[in-house]
Amino acid sequence: MDINGPTVIGKISYTNSWPVFHNFHPASLSHPAEMVTEVPAILNRGMSEGSIHVGALSSFAYAEASDRLLLLPDLSVSSEGPVKSILLFSRVPVKEAANGVIALTNTSATSVNLLKILLEKAYGGKPQYISVDPDLDVMMENADACLLIGDNAIKASWQDQGYIVTDLGALWKEWTGLGMTFAVWAVNREAALKKQEAISEIADAFAESKKRGLRDLVPIVRDACSMVGGTEAYWYGYFRNLCYDFGERQQKGLNLYFRYAYELGLLPQEVKMELWSHNLLTRVKE
């Protein structure tokens, strides 16, 4: 890891993280930093390998590399029920689809594994999974149900194609009574030690950006309308419905998700979440 070069910050390209990133400007930091905007798969690999020092990544990717990462406090993309952008489209009720053919995309391990937990643990299903590009019509050609996430899910939800639409955030809440965390902010452990001042400044800047973003959603909603489509009313509802905190309640829901993922063999090891702080590590309560 280059401790003398700029601190590399990872930014998820999905709209759901925009309120945290909108007012975050690496150029205004006193320590040199650069931001890399990518799809989760690339950010996840960079965070794990250490070429990206700090930033957002999917919850499942954090779990896979948790021995090398620390969680930044009070930052996440979570929902306490419906998430509105992780949707299962099916011809039959979920209970029946749980033993059918399910089309998945390779874009998000967190959502894919959440679906596997719900179908196999909550419904006792034994589905067959196939991997297809994220296009609703193509996915449903050879499947009983398909999973869409992010902007693909949002756009598909605006059109009534006659499918049953199941929100995985709502299903998780119904089954567990807890919310679900889809993305977290983390720092590479080595960077946390070697770039302490820079990481401290970045953590504070993210916290301030989140506060400002949620206080004034106008420019974020405007960007979403012009870049993705839809109405202002839809996007205000979408962003206000999400939770960007990472308190005890979010940690409890994520701990349960990791436990189930381990029990199903989706994770090779149990996850012990540890939080970065300005002066010490904080182990998350079980």
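We did not get these values from a lab; they are worked out from the coordinates using the rules stated. Computed from a predicted model, the values in this text were never measured in an experiment. Heads up, the Cβs are rebuilt from the backbone with ideal geometry, glycines too, and the neighbour counts pull from every protein chain shown.
Assorted remarks:
- Check on Gly81, closer than 20 Å to Ser277 by Cα and either in contact (Cβ under 8 Å) with a residue 12 or more places away in the chain or in a strand (DSSP E or B) (or both): no
- Gly124 being surrounded by fewer than 18 Cβ atoms within 10 Å (Cβ to Cβ) and farther than 28 Å from Glu232 by Cα: yes
- Residue match in the range 113-120 (condition: closer than 21 Å to Glu174 by Cβ, touching a Cys at 6+ places or on another chain (Cβ under 9 Å), crowded, with 17+ Cβ neighbours inside 10 Å and not hydrophobic (A, V, I, L, M, F, W, C)): no
- The lone exception for Gly55 - which of (1) within 16 Å of Asn188 (Cβ to Cβ); (2) part of a loop (DSSP other than H, G, I, E, B) it fails: (2)
- Selection within the range 127-162 - crowded, with 17+ Cβ neighbours inside 10 Å and among the acidic types (Asp, Glu): Asp144, Asp151
- Single residue of the range 228-271 satisfying the filter (assigned to a helix (DSSP H, G or I) and charged (D, E, K, R)) that is surrounded by the most Cβ atoms within 10 Å (Cβ to Cβ): Lys252
- Scanning the range 94-146 for residues that are free of Cβ contacts under 8 Å to residues at least 24 places away in the same chain and either among the aromatic types (Phe, Trp, Tyr) or part of a strand (DSSP E or B) (or both) yields nothing.
- Selection from the range 164-215 of residues that are assigned to a helix (DSSP H, G or I), under 26 Å from Ser79 (Cβ atoms) and of a type in the set (Gly, Ala, Ser): Gly169, Ala170, Ala203, Ala205, Ala207, Ser209, Gly213
- Put simply, of Ala65, Ala61 the only residue that is within 14 Å of the chain's Cα centre (by Cα) and crowded, with 17+ Cβ neighbours inside 10 Å is Ala61.
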